[in-house]
1. Quick check: is even one residue across region 80-99 acidic (Asp, Glu) and more than 17 Å from the chain's Cα centre (by Cα)?
2. Here are 32, 51, 41: which of them is under 30 Å from residue 139 (Cβ atoms), among the basic types (Lys, Arg) and either modelled with pLDDT of 95 or more or in contact with a strand residue (DSSP E or B) (Cβ under 8 Å, 6 or more places away or on another chain) (or both)?
3. Under 6 Å between Cβ atoms, which residue pairs at least 6 apart in sequence (or on different chains) link something in region 1-20 that is over 12 Å from residue 46 (Cα atoms) with a partner that is part of a loop (DSSP other than H, G, I, E, B)?
4. With the requirement that a residue be within 21 Å of residue 38 (Cα to Cα) and either in contact with an Asp or Glu (Cβ under 9 Å, 6 or more places away or on another chain) or free of Cβ contacts under 8 Å to residues at least 24 places away in the same chain (or both), what does region 95-115 give you?
5. Which count do you get for residues in region 31-88 that are in contact (Cβ under 8 Å) with a residue 40 or more places away in the chain, of a type in the set (D, E, K, R) and crowded, with 18+ Cβ neighbours inside 10 Å?
6. Any idea which of 84, 51 is closer than 17 Å to residue 5 by Cβ, of a type outside the set (S, T, N, Q) and outside any helix (DSSP H, G or I)?
Amino acid sequence: MPQPRHSDLRRFCEVDGWEETTKARRNPDHTRYRKLLDDGRVLRTKVSHGRGSIDDPSLWKRIWRDQLALDSEDEFWEALSAKRPVDRSAAMPSAPTGPSKPAWLVNSLIFTAGLPEEEVAELSVEEAERRWLEFCERSG
């Protein structure tokens, strides 16, 4: 498969119907996007203003899997080729069965601490709070 470029990711966000969220910022370092899915999840990603490629394979995998919520890298390229949004209707998760974690905590663990979304989803409220406190202690 070809190495994705920042421009490919930007085009994907346009094709897949993402909303650009950085218009109000002055001199942003990246273009930020979000997409609200039918199941209520909010996806977020950011795209560098650079023209190069995304050279780190592990970073690219985290982007397409965790941020774009794709089942495979092929879905990314198919959406670009067909110029059609990705159908995520089959991937709707079941409703939570236990107490839910606060949104600020989930977002902090994913976007600040860098934990994969799937891992955060599996954590209990108490475990999520503990992991956040551990991150804060290490960072600060």
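The values are calculated or read from the model by the stated rules, or taken from the named source; none is laboratory data. None of these values were measured; they are calculated from a predicted model. Methodologically, a virtual Cβ is constructed for each residue, glycine included, from the backbone with ideal geometry; neighbour enumeration extends over all protein chains shown.
1. In the first step, residues of region 80-99 are kept if they are acidic (Asp, Glu); the result is 87.
Add one more test, that the residue is more than 17 Å from the chain's Cα centre (by Cα), and what stays is none.
Within region 80-99, none of the residues are acidic (Asp, Glu) and more than 17 Å from the chain's Cα centre (by Cα).
2. Values: 51 fails: under 30 Å from residue 139 (Cβ atoms); 41 fails: either modelled with pLDDT of 95 or more or in contact with a strand residue (DSSP E or B) (Cβ under 8 Å, 6 or more places away or on another chain) (or both).
On inspection, the qualifying residue turns out to be 32.
3. 4/54; 15/83; 16/85; 16/86; 17/85
4. Step one: list which residues in region 95-115 are within 21 Å of residue 38 (Cα to Cα), which gives 95-97, 100-104, 106-107, 110.
Listed by number, the residues that qualify are 95, 96, 97, 101, 102, 103, 104, 106, 107, 110.
5. Going through region 31-88 one residue at a time, the tally reaches 2.
6. Numbers: 84 fails: closer than 17 Å to residue 5 by Cβ.
Answer to the check: 51.
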